[in-house]
Amino acid sequence: MTAQQNDALPMDSGTQEERISVTRHEVFSYDSADVALRLPKGAHLLVISGPMDTYMLGHLRDAMIANRKATFSLDLSAVSAFFDMDKEAFNGCKNLISIIIPDGAMRVRWQCFSGCENLIAINATENCDAFASSAGILYDKTGSEVVVCPPGWDGAVELPLSVSSVRSGAFANCSKVTAFSLATRTEEYQQDGKILERVIENEYFSVRDGILYSKDMKRLVQFPGGKSGRVTIPNTVEVIGRESFAYGGRVTAVEIPESVRTIEKMAFGYCSALQSVIFPAGIISIGKQAFVWCTSLGAVTIPASVTYLGSRAFFKSSVTAVAFEDADGWTFGKKILVDLTNPSENAEKFRHPGKYWFLDLYKAER
């Protein structure tokens, strides 16, 4: 399953092919949730129109979770409401397989589909005010930004030529995405009276070994969650992007090159299989929650080059000690000096997280 190869993102709609039966519920209400609760095995629910708010949506979600027999394909395109699909909108709906979002939806968070492991399509209609879709992946209206990929996506993802950015968390739930690729287009042009062909490529991204980078290969943008084992980052990369590896539960080790200067917020968060990390000598910044919930990670050493260690960088991980090559001159908030010279005290504070591991640490200027 891959996105279509084109420049402009196709504005498609529709739901997964229906397997057994469809229950049409023309007007959304609390009765819709009761209908969902009673649907038999293999049935699908289409909610066509009517007012909606987050409370009604929550009632429907709870009914869908409670009904473990049915699968759900929701058409909310004509629901007459303008609202945000918040973090809890469909969280935990394992039997949701496709959805058409409301035309009036103005914000869709990636967290609202957490736990929707069988969701293979998140679609928008042509009339949707803020979003478009292609092959079940949700984009912004212009098709230039990836908003969220359905958690059930299995295989490679091909990004259209129109894509110039990936929203943070867009692939956070996608544990079966194995690789990224970039669409191209061949066009004809005339030169010296001859008709020649040239390949048009994406202007903003590059791909190497299935991993998405910026065009100049200086920023690692997104790691595919279904890729496993040891990862070697190219020595051109300077920034490991925000949440770029997050929730990648199959990565066991990452070789970070000497070129890297910044690891952004939650870059490796929830990488539960990550066993070791060695920071390069020239790294300057390790972001907030960069290794949060890395439950296989051993002891780490912070190079002397680091001037910023973000709050909760190793919170809830399995790290037992954090050693500083240069333990002098560290402060809370660039104001209050802290002592990080005692390794055993340092380890003890880490095992029982104290204030050192909840606040940003800065290296004081000398």
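When you scan region 123-149, how many residues do you find that are under 20 Å from K176 (Cα atoms) and either among the basic types (K, R) or in contact with a helix residue (DSSP H, G or I) (Cβ under 7 Å, 6 or more places away or on another chain) (or both)?
Number satisfying all stated conditions: 1.
Looking at L212, L220, L196 in this structure, which one is surrounded by 16 or more Cβ atoms within 10 Å (Cβ to Cβ) and over 15 Å from T178 (Cα atoms)?
L220
Out of the residues in region 231-258 meeting the condition of being among the hydroxyl-bearing types (S, T, Y) and out of contact with any Gly (no Cβ under 8 Å at 6 or more places or on another chain), tell me which one is least open to solvent (accessible area, probe 1.4 Å).
S244
In region 334-366, which residue that is in contact with a strand residue (DSSP E or B) (Cβ under 7 Å, 6 or more places away or on another chain), open to solvent by 20 Å² or more (accessible area, probe 1.4 Å) and at pLDDT below 75 is farthest from V300 (Cα to Cα)?
The qualifying residue farthest from V300 (Cα to Cα) is A364.
Could you tell me which numbered condition K41 fails, if it satisfies all but one of (1) at pLDDT 80 or above; (2) open to solvent by 60 Å² or more (accessible area, probe 1.4 Å); (3) more than 25 Å from the chain's Cα centre (by Cα)?
Exception for K41: condition (1).
Using the structure shown, decide if M64 is more than 25 Å from D34 (Cβ to Cβ) and at pLDDT below 90.
no
Could you check region 100-122 and list, in sequence order, the residues that are over 15 Å from R167 (Cα atoms) and among the polar types (S, T, N, Q)?
S114, N118 - these are the residues of region 100-122 that are over 15 Å from R167 (Cα atoms) and among the polar types (S, T, N, Q).
The values are calculated or read from the model by the stated rules, or taken from the named source; none is laboratory data. This one's a predicted model, so the numbers in the text were calculated from it and none came from an experiment. All Cβ positions, even for glycine, are placed from backbone atoms using ideal geometry, and neighbour counts span all protein chains on display. To get the accessible areas, we keep the full protein, side chains included, count just its heavy atoms, and leave off ligands, DNA and RNA. Shrake-Rupley method; radii C 1.70, N 1.55, O 1.52, S 1.80 Å.
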